[in-house]
Structures are given as C-alpha cells and as structure tokens.
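Read the structure below first, then the notes.
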2 protein chains.
Amino acid sequence: MTAANRAVVLLSGGLDSATVLAIARHEGLECHALSVAYGQRHSAELEAAAQVAAALGAAEHRLMRVDLAGIGGSALTDPRIAVPVAPAPGIPATYVPARNTIMLALALGWAEVLGAGSIFIGVNAVDYSGYPDCRPEFIAVFEELAALATRAGVEGEALKIRAPLISWSKAQIIQAGVQLGVEYSMTVSCYQADAQGRACGRCDSCRLRRDGFRDAGVPDPTRYAAAVS
Amino acid sequence: MTAANRAVVLLSGGLDSATVLAIARHEGLECHALSVAYGQRHSAELEAAAQVAAALGAAEHRLMRVDLAGIGGSALTDPRIAVPVAPAPGIPATYVPARNTIMLALALGWAEVLGAGSIFIGVNAVDYSGYPDCRPEFIAVFEELAALATRAGVEGEALKIRAPLISWSKAQIIQAGVQLGVEYSMTVSCYQADAQGRACGRCDSCRLRRDGFRDAGVPDPTRYAAAVS
C-alpha cells in the first residue's frame, strides 16, 4: 500500500537537493529525507543536509552509510585522485561510479518500507558536471526498474521518480528556491569543502554555483575558504 | 575501458550464487566476488561466502556493508517479523525491500572501477520465493539502466548483467554445480541459520533447497540444527 502524499527525498546538503526538498514540501508532501554517507571527502555536506532537513520541515532525516571509498575510482572518494579545478572534456574525475544508481536503490528500499509514492532527486542535466547518471533517460529507466523491483510495483502502485530540476538552469533553480524560502547559506556544494563547510571556490561545483547566483541576480551567500576572483 | 574477461559476481554464501561463481569461473572469467552485509539476521552466510570464494578461485572477495536493518520491512532484517515456515500466497515476509536493486547497484559501482565487462547474479525465477526482483524483466531493465548510468555505457561498452540460473529448477542448478565442483556443504541457504551455519530445515529457503537435492538425486550435505522430516 503506498501513500501518495509521502515521499523520500535524497538530500546531499548541496544547493540542488535543498531546492528539491523545498519543492516537495511546497506540494504538501510528507518528506522523509535521506542522506548517504558514501565515503565522500568531507562531512560538512552531511551536516548541512541535517540543517536543511530541519529548516524545511522534513518529517525525518535518515543517514545511511555505504562504503564506496573502499572501491575508489573517483576524486570524491579516493584521496589519490585530485579534484579538477578547470573544465575538461568528457566525464570528470569527480564522477562517482554508479552513485546515483546506488542512492536511488537505497531510497527505493526505504520508500517501499514507508509506502511512499515517490522519490525525489536533485539531478540536473543542464548546468551539470557531465555525469551519465544525471540524464533524463537514466531517471526514466530507473522508474521502470522501480516498478519491476518492488512489491508496490507488482501490486500495481508503482513509485514515481521525480527529478524536478532536471531541465532547469542553475539560475532557475536558485530563483525557485529563494521563492520557496531555501536558505542557501546552509548548503554546501563544494567538492572539497573544509571541515567548517567553507568552499574552495575553484572546483567545477563551486564554479557552477557561483555563476548560478550571478545569473539569478541573487547575492551569493556561500562561505569561501579564501577570496575568489 | 572494460575488460570482457573480468566479472563481478554477487556471492551471498548460498547455493545459487556459489553455482553462479562456478559457472563464471568455468567460462574462464577473472571473478571479483562481492558479498553485501545488509543487516541480515545471521553472519553464517557471509562466512560461507568467503569460503566459497576461496574454494572456487575468485580473484578477490570484497564485503560491503549497508544498513538495511535500519529501515526494516523484512523478516530477514527486522527481528520483530517472523520468518514464515509455511508457503503463503503473494510476496513473502522474507522479501527485503529493493535488495537486489541495491546489490546490483553496488556491484555496478565496483564493476565500473574494475572495468569489468559483466556482473553475475544468482537470481532464479522458477524455484524461487516469489520476490519481484528475481524476474527476468527486472534483470533486463537493470542492464538497460547500467548502460545509461555509467561511464562505460556512455563510452559505448555497456556492461552485461548475467543471471545464468534464472530459468533453471533448483535440481538443475545443483546438478550443474556438482559437475563444476561446487562443495555445497560450504553453502548456507537457510533464512535463520544458527551461529554455526546450521539450517532450520523448515523455512521456505530450506524447503526449496532440500527438495532440490532430492529431485537432483544428490545427497543433501546441509547441516541441519535438528532432524527434519
């Protein structure tokens, strides 16, 4: 039995997923926020997620741990791989193998236990970093998979995978979030934030975020570790 | 870059996945065995997996932990839900929400780091327990998902999801395994094995396994906690 007004919201602590939680709350959904500690370099992002969940009225916030650092293969989980500070062609070193598949799979398990009618994820195919698992076709196939994988799907109440930001620019995301009351100062997007959650200002993620605030005409509330040009 | 002769093999410690590893090894593949500790009731299964991996010549055996007990919803992960000892209609209480999706997702991440060309999983749609994520259509859609989710898929070398047992009876699985040298005495299938890995002889999984040995005409090497009729 699914409850259409109950949702699992993947919450990283970054700008996009905070906006997604605000959108789901604005729709009147009972939101169960899920953060995944997968061995990322810093925990500032996860602390930000807890703050954001509370500020936006999530019904609960759960942290699941899965050790992707053990398998490595990404600048975000293997300290021997540097975080790139300049755009490069192709899929960047910050891509974490199968990360969104794993996070959606964990969300699917929890959604099934909760009887949730939907899972929200903040992927974005426009101002993104070139990750394969941020594309609309990936989300569409995961929704098909969810219907086949679960008790709810078999019993005829398939779960929706909602990716409301998927075709928005970063500026559009920020404008929507500001209207919905998201406090972006709480969020951490940087790939290599310091222990206090201060951003490097130089990585791909910082660059997209900074440009987004500029294009949105919204003052950038990001705390930077050093002055950036 | 993928290596067609390298495979990730999901290994639970049970009868089916041991047979799958033997099949993959028989094909000459370099097998990287993956067991997932997801909060199941007993660890005997995971100890069995380590033994089986070594006996069948896996290149390595990795244990990943993910806490599904925290979300509950299954007799295998929540001690308040009893393991059923009689067949019942519908999806049974031992179904773990999204378990195969989560395990395949973790295998996908590792496969991508290893550059493996395939993932093997011991799902079976015949003598199975009625789980939605053991059906051929589930496996087919996961393969589509894997192609969209990963660097390898984008670069044109999509990973195969191999489920060689999917249409076999339990007796056929056992006959194939015996021919390939699987020592089934090492494996633990019981949903509620004791700390020594001895089977209850009464749960759905024990029943399917015992009937399989009988139908295969192979002596049942299972260690039972008590005499069973």
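The values are calculated or read from the model by the stated rules, or taken from the named source; none is laboratory data. Quick caveat, the model's predicted, so the values are computed rather than measured. Cβ: placed from backbone, ideal geometry, glycine included. Neighbour counts: every protein chain shown.
Going through (1) among the charged types (D, E, K, R); (2) surrounded by 24 or more Cβ atoms within 10 Å (Cβ to Cβ); (3) within 14 Å of chain B (Cβ to nearest Cβ) one by one, A:LYS170 falls short only on (3).
The numbered conditions (1) touching a Phe, Trp or Tyr at 6+ places or on another chain (Cβ under 6 Å); (2) more than 8 Å from every other protein chain (Cβ to nearest Cβ); (3) without any contact (Cβ under 8 Å) to a residue 60 or more places away in the chain are all true for B:TYR95 except (2).
Based on what the data block shows, is A:SER185 in contact with a Pro (Cβ under 7 Å, 6 or more places away or on another chain), surrounded by fewer than 22 Cβ atoms within 10 Å (Cβ to Cβ) and on the phi < 0 side of the Ramachandran plot? Here the answer is yes, as A:SER185 does meet what is asked.
Taken over region A:78-120, the criterion of being within 23 Å of B:VAL113 (Cβ to Cβ), part of a helix (DSSP H, G or I) and at pLDDT below 90 is satisfied by A:ARG99 alone. For region A:143-158, the set of residues classified as part of a loop (DSSP other than H, G, I, E, B) and at the interface with chain B (Cβ under 10 Å from one of its Cβ atoms) consists of A:THR150, A:GLU155, listed by residue number. The number of residues in region A:181-206 being touching a residue at least 24 places away in the same chain (Cβ under 8 Å), within 20 Å of A:ALA125 (Cα to Cα) and out of contact with any helix residue (DSSP H, G or I) (no Cβ under 7 Å at 6 or more places or on another chain) comes to 3. Is it true that A:VAL178 is within 16 Å of A:ALA18 (Cα to Cα) and in contact with a Phe, Trp or Tyr (Cβ under 8 Å, 6 or more places away or on another chain)? Considered against the rule, which asks whether it is within 16 Å of A:ALA18 (Cα to Cα) and in contact with a Phe, Trp or Tyr (Cβ under 8 Å, 6 or more places away or on another chain), A:VAL178 comes out as yes. Counting the residues of region B:119-142 that are of a type in the set (S, T, N, Q) and surrounded by 22 or more Cβ atoms within 10 Å (Cβ to Cβ) gives 1.
Taken over region B:203-229, the criterion of being modelled with pLDDT of 90 or more, in a loop (DSSP other than H, G, I, E, B) and either within 18 Å of the chain's Cα centre (by Cα) or under 14 Å from B:THR94 (Cα atoms) (or both) is satisfied by B:THR222 alone. Residues of region B:27-39 include at least one that is assigned to a loop (DSSP other than H, G, I, E, B), within 14 Å of chain A (Cβ to nearest Cβ) and under 25 Å from B:CYS200 (Cα atoms).
Considering B:TYR191, B:TYR131, the condition of being at pLDDT below 90 and touching a Cys at 6+ places or on another chain (Cβ under 8 Å) is satisfied by B:TYR191 alone. Name the residue that is farthest from the other protein chains (Cβ to nearest Cβ), counting only residues in region B:98-142 that are charged (D, E, K, R) and over 17 Å from the mean Cα position of the chain (by Cα). It comes out as B:GLU137.
Considering (1) under 13 Å from the mean Cα position of the chain (by Cα); (2) touching a residue at least 40 places away in the same chain (Cβ under 8 Å); (3) over 23 Å from B:ALA125 (Cβ atoms), the lone condition that B:LEU46 does not fulfil carries the number (2).
The set of residues from region B:130-142 being hydrophobic (A, V, I, L, M, F, W, C) and either more than 20 Å from B:PRO97 (Cβ to Cβ) or in a loop (DSSP other than H, G, I, E, B) (or both) comprises just one member, B:ALA140.
Yes/no per residue for (1) among the aliphatic types (A, V, I, L, M); (2) out of contact with any His (no Cβ under 6 Å at 6 or more places or on another chain); (3) in a strand (DSSP E or B); (4) crowded, with 22+ Cβ neighbours inside 10 Å:
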{"position": "B:GLY13", "(1), (2), (3), (4)": "no, yes, no, yes"}
{"position": "B:VAL20", "(1), (2), (3), (4)": "yes, yes, no, yes"}
{"position": "B:ALA48", "(1), (2), (3), (4)": "yes, yes, no, yes"}
{"position": "B:LEU63", "(1), (2), (3), (4)": "yes, yes, yes, no"}
